[in-house]
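Taking it in order: structure first as structure tokens, then the write-up.
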Amino acid sequence: VQHIRADLGFTPGKVIVGTMDDLRRSDRSREDLDALFLRMAERLRALPAVEGVAASVGHPFGWSFAAGVSIPGHDQLPHVESGGPYVYRVTPGFFDVLGASVVRGRGLMAADNAGSPPVAVVSETMARLVWPGEDPLGKCVQVSGESTCYRVVGMARDVRQNAVVEPPQMQFYVPLTVGF
């Protein structure tokens, strides 16, 4: 038996992941599913032994989805062997619950909702590759096929997506109820 120590970009020791894959494949609308996820998160948050709760569409060592992304002023994104960029739709507190660090700017907050300007948090790898030598805060990320500009408000440490040892990936996070 070997013990492997690796920097996963988050602290897995106290994290429990529950999935609702069957619901995701149902005929419910995205809005109905988001509302259900939020209600379930509130119920879990009320349990005495629970320290924190976050809901997300996509999670490390589970599943995620790559999104076509465009960056104004760039003809194309840098090629990354691992694919991506990978997108997560998350609730406020996601980074705190996961034990993942936001190293610049801020994470997503409750005020980042349908009535506010669209925002995103990008991974260190995405920031380094897309805006080399530049501050990513305030930059625009667009999902292909959409005109919405998600302004970067934070940069988070890279989080391992599929394996303990893997090449860095571009990742970005948008609010659960605002994202595409």
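Here's how it looks for Arg104: its modeled amide H is under 5 Å from those of Met155, which are all 5 or more places away or on a different chain. Remark: the Ala35-Ser144 segment gains 36.7 nm on full extension, using 0.36 nm per residue and subtracting the alpha carbon distance.
Taking all protein chains together and a 1.4 Å probe, the residues Asp135, Asp96 rank Asp96, Asp135 from largest to smallest accessible area.
The H on the amide N of Val69, modeled in the peptide plane, is under 5 Å from the matching H of Ser144, each at least 5 residues off or on a different chain.
Listed peptides 74-86, 122-134, 98-110 appear in the order 122-134, 98-110, 74-86 once ranked by packing, highest mean of other Cβ atoms within 10 Å at the front. Across the stretch 34-39, computed HN-Hα scalar couplings (Karplus, 6.51 cos²θ - 1.76 cosθ + 1.60, θ = phi - 60°) run 4, 5, 5, 4, 5, 5 Hz from first to last residue, x flagging Gly and Pro. When only Cα pairs below 8 angstrom with a gap of at least 6 residues are kept, the stretch 34-156 shows a relative contact order of 25 percent. Charge tally for Arg104 (other residues, Cβ to Cβ under 11 Å; Lys, Arg +1; Asp, Glu -1): 0.
For Phe94, the solvent-accessible surface with a 1.4 Å probe is about 10 Å², rounded to the nearest 10. Here each label is just a point 7 Å from Cα along the line to Cβ, and for Asp27 and Ala66 those points are 3.2 nm apart. As a calculated quantity, the FRET efficiency between Val103 and Arg151 at R0 = 22 Å, using C-beta atoms, amounts to about 0.80.
The values are calculated or read from the model by the stated rules, or taken from the named source; none is laboratory data. The model shown is predicted, which means the values in this text are computed figures rather than measured ones. No Cβ is skipped: glycine too gets one built from the backbone with ideal geometry, and neighbour counts run over all protein chains shown. In case anyone asks, the SASA skips ligands and DNA or RNA and just uses the protein heavy atoms, side chains included. Shrake-Rupley method; radii C 1.70, N 1.55, O 1.52, S 1.80 Å.
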